[in-house]
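First the structure, in the form of structure tokens, and then the observations on it.
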Amino acid sequence: TLNYACPSDLEGSYTATVLRDGVELAASPYTDYITMTGVGTYRTTEVGHWIGGLGVGVPGYTFTDVCGVIDVPQQSLVEYYSNVVQSTEPGSVDPVTGVIHIVYSISSSGWTSVYDCTYVPD
């Protein structure tokens with residue numbers, strides 16, 4: 001996949017609504033800022049249900065946008081813990097509204113939670 005094939009401009013402030021295993025987070029909705037870190041590559045401010053951060057590592061998670069298809073590549077939780085963060089299905093960006101939809105999981109040896117996230121541009 002080539003990130004250069006389609007323009008991607010998702011950096012900005014979003015109102016995030018997040019379901020964890022089908023239940024809306026108590027902190028949801030909240031403001032999340034998405035930063036472009038490379039061509040078609042972005043990092044959120046928040047991850048999972050730890051709104052406000054974990055106090056270590058790099059806040060948020062990384063995702064890619066290739067022609068409106070979103071992927072969360074396998075990565076460590078906040079680049080610090082051994083928990084695995086990754087897509088469970090392809091996400092999307094609505095080309096008209098700019099709404100981003102991402103579904104990813106966070107797993108450890110004893111549990112897995114699925115996060116269904118909708119980001120609406122502020």
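Of the set (1) closer than 17 Å to P121 by Cα; (2) touching a residue at least 60 places away in the same chain (Cβ under 8 Å); (3) of a type outside the set (G, A, S); (4) assigned to a strand (DSSP E or B), all apply to L10 but (4).
Of everything in segment 95-109 that is open to solvent by less than 70 Å² (accessible area, probe 1.4 Å) and outside any strand (DSSP E or B), the residue that is farthest from V47 (Cα to Cα) is G98. Restrict the check to segment 75-89 and report whether at least one residue is surrounded by 14 or more Cβ atoms within 10 Å (Cβ to Cβ), charged (D, E, K, R) and in contact (Cβ under 8 Å) with a residue 60 or more places away in the chain. No - not one qualifying residue is present in segment 75-89. The test for being in contact with a strand residue (DSSP E or B) (Cβ under 8 Å, 6 or more places away or on another chain) and assigned to a loop (DSSP other than H, G, I, E, B) does not hold for G55.
For every residue, the table says whether it meets (1) open to solvent by 60 Å² or more (accessible area, probe 1.4 Å); (2) small (G, A, S); (3) without any contact (Cβ under 8 Å) to a residue 12 or more places away in the chain; (4) out of contact with any His (no Cβ under 6 Å at 6 or more places or on another chain).
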{"position": "T17", "(1), (2), (3), (4)": "no, no, no, yes"}
{"position": "R20", "(1), (2), (3), (4)": "yes, no, no, no"}
{"position": "E24", "(1), (2), (3), (4)": "yes, no, yes, yes"}
{"position": "S28", "(1), (2), (3), (4)": "no, yes, no, yes"}
{"position": "D32", "(1), (2), (3), (4)": "no, no, no, yes"}
{"position": "M36", "(1), (2), (3), (4)": "yes, no, no, yes"}
{"position": "T44", "(1), (2), (3), (4)": "no, no, no, yes"}
{"position": "L54", "(1), (2), (3), (4)": "no, no, no, yes"}
{"position": "G57", "(1), (2), (3), (4)": "no, yes, no, yes"}
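Candidates are the residues of segment 110-122 that are among the aromatic types (F, W, Y) and open to solvent by less than 30 Å² (accessible area, probe 1.4 Å); the one that is nearest to V69 (Cα to Cα) is Y119.
The values are calculated or read from the model by the stated rules, or taken from the named source; none is laboratory data. Predicted model, so just to flag it, every value in this text is computed and none were measured. With ideal geometry, Cβ positions are generated from the backbone for all residues, glycine too; neighbour counts draw on all protein chains shown. The area values use the complete protein model at the heavy-atom level, side chains included, leaving out ligands, DNA and RNA. Shrake-Rupley method; radii C 1.70, N 1.55, O 1.52, S 1.80 Å.
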